[in-house]
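The values are calculated or read from the model by the stated rules, or taken from the named source; none is laboratory data. Because the structure is predicted, anything quoted here is derived from the model rather than measured. Methodologically, a virtual Cβ is constructed for each residue, glycine included, from the backbone with ideal geometry; neighbour enumeration extends over all protein chains shown. Side chains are part of the model used for accessible areas, which takes the heavy atoms of the whole protein and leaves out ligands, DNA and RNA. Shrake-Rupley method; radii C 1.70, N 1.55, O 1.52, S 1.80 Å.
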Amino acid sequence: KRELELTLELVMLRHRLEEQTRARQMTLEQNVSTSRQALQSASLSMQQLVHQQQRDQASLQRFSDALEDSADSIFLIDRASMRFIDANQTACATLGYSKAELLEMGPHDITPYFNRQMLEQKFDRIAATQGRFGIIETVHQRKNHEMFQVEVRLRTGEADGRAIVVAIARDITRRHRDEQIL
């Protein structure tokens, strides 16, 4: 009788252990399935992010190429140092400076009728307007000291945590000549 009771207890214990093992195995399989789904979802999200980043990079490259190929001179000016932080190839070609030379200069170096303080005041006035936009007509001076008339569109803003000015300069010498002829 005692052997039978022990055998029954062992069978019951074995059955409980098998049930617990099956339950744990089912929980593990569910966890693995959930983890696999989460990993697949994360992988899909990552692929979408990579594709979006590639599209953004291509768009940024197209925009950068368009700025480089612009007929107008485009300058980015750091407000704190009053130095150029970037300029397109048109600006370099129009002024006769290399990009490296321009990046050592500021707008007051190419605009003989405005000194640094005058330009800072002009930029401050533009920054205080609602659209932070302004247009000035002035004269730029090339590396060979030749002067030419320009219309400069200015917009103030921020980039990388610093105040900047975007200046788009258009040579208007021909327009002034045509106006005088008319």
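For the chain, build the charge dipole from Cβ charges (+1 Lys, Arg; -1 Asp, Glu) around the Cα centre, then report which of 85, 38, 173 sits farthest towards its positive end.
38
Could you pull out the GluC sites (Glu not before Pro) across the range 1-97 that fall in loop regions by DSSP (anything but H, G, I, E, B) with no more than 16 other Cβ atoms inside 10 Å?
none
At 4 °C and a viscosity of 1.567 mPa s, what translational diffusion coefficient does Stokes-Einstein give for the range 4-70, taking Rh as the Kirkwood radius over Cα pairs? Give it in µm²/s as a whole number.
77 µm²/s
State in Å² the accessible area per residue of the chain; use a 1.4 Å probe, count heavy atoms of protein chains only, and round to the nearest integer.
72 Å²
Taking one equal scatterer on every alpha-carbon of the range 94-182, how large is log10 of I(q)/I(0) by Debye at q = 0.14, 0.18, 0.25 1/Å?
-0.56, -0.89, -1.35
In debye, nearest 20: dipole of the chain around its Cα centre with unit charges on the Cβ of K, R (+) and D, E (-)?
The calculated dipole for the chain is roughly 380 debye.
How large is the helix-only mean residue ellipticity at 222 nm for the chain, computed as the sum of -39500 (n - 2.57) over DSSP H runs with n ≥ 4, divided by its residue count, in deg cm²/dmol to the nearest 500?
Value at 222 nm, helices only: -19000 deg cm²/dmol.
If I model the range 29-128 as equal point scatterers sitting on the Cα atoms and use the Debye formula, what is log10 I(q)/I(0) at q = 0.10 Å⁻¹?
Here the Debye-derived log intensity ratios amount to -0.50.
Which GluC sites (Glu not before Pro) in the range 95-173 pass both tests, a DSSP loop state and at most 10 other beta-carbon atoms within 10 Å?
Qualifying residues, ordered by number: 146.
When you have a sec, figure out the Kirkwood radius of the chain from all distinct Cα pair distances and drop it here in Å to one decimal?
21.9 Å
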